[in-house]
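Asker: Following this message is one structure expressed as structure tokens.
No lab work stands behind these numbers, since they all come straight from the coordinates. What you are looking at is a predicted structure, and each value in this text was computed from that prediction instead of being measured. Here the Cβ is made from the backbone with ideal geometry for all residues, glycine too, and neighbour counts use every protein chain on show.
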Amino acid sequence: MKGFEKSPPRKQFSKIIWSWIGAFFGILFVSIVPDIMHLGMFNSLFIVGSFGASAVLIYGAPQSDFAQPRNLIGGHIVSAIIGISIYKFIHLDVSILGALAVSLSIAMMHYTRTLHPPGGATALIAVIGSDTIHNLGYLYVLSPIALGALILLFIALIVNNFSNNPKRHYPRYWL
């Protein structure tokens, strides 16, 4: 419990700036795309909290396994399907449903090699979310989840590869 290492040094200022730029534009585009595409009812729910955590990974730690495209897209989609399925087909207390959704999502992300920590939040949101999210049913998987994750990925590909630092280039792998 004492720990045996010192915390790592602060990242270079340029890395901090690139992370800020990526996160700013990634979340901005996820937020404004529904207006641009005239998606009507999806305007208010296109952005979900788990996208903030995804932004930390894909813009702040783009070389980590959790940040790779397979994990970003697959982890969110697998978790959204599980969260919606748990909510629709199991009729128990919401605390049990939430625990089931998150734990099964983790297990399936491990199994499918798509572990993306924000996926746990995506599954939980499907269970504890508003009636608007519940009424979407499996459309939740497509929008906001899949489409939002793809927008974040697109911005990550641009911003992370715009840097001159080859250690920042993204992705390390696709599949």
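Asker: Among Leu152, Phe24, Phe13, whose Cα sits farthest toward the positive end of the charge dipole of the chain (+1 at Cβ of Lys/Arg, -1 at Cβ of Asp/Glu, about the Cα centre)?
Answerer: Ranked along the dipole, the leading option is Phe13.
Asker: For the stretch 13-168, report the translational diffusion coefficient in µm²/s to the nearest whole number, using Stokes-Einstein at 10 °C, 1.306 mPa s, and a Kirkwood Rh over Cα pairs.
Answerer: 101
Asker: Still on this structure, please answer the following. Choose one of Ile106, Ser95, Leu57: the residue whose Cα lies farthest towards the positive end of the charge dipole of the stretch 13-168 (beta-carbon charges +1 Lys, Arg; -1 Asp, Glu; about the Cα centre).
Answerer: Ranked along the dipole, the leading option is Leu57.
Asker: Let me ask something else about it. Which residue fluctuates most in the GNM of the chain (Cα springs below 10 Å): His116, His91, His134?
Answerer: Residue with maximal mean-square fluctuation among His116, His91, His134: His91.
Asker: How many angstrom lie between the C-alpha centres of the stretch 160-175 and the stretch 76-103?
Answerer: 34
Asker: Kirkwood hydrodynamic radius, the stretch 55-99, all distinct C-alpha pairs: what's the number in Å?
Answerer: Kirkwood radius, the stretch 55-99: 12.0 Å.
Asker: What value, in deg cm²/dmol to 500, does the helix sum -39500 (n - 2.57) over DSSP H runs of n ≥ 4 give at 222 nm once divided by the residues of the chain?
Answerer: It comes out at -19000 deg cm²/dmol, rounded to the nearest 500.
Asker: Using the crude model of +1 on Lys and Arg Cβ and -1 on Asp and Glu Cβ, and no other charge, please compute the dipole size for the chain relative to its Cα centre, in debye to 20.
Answerer: My answer is approximately 800 debye.
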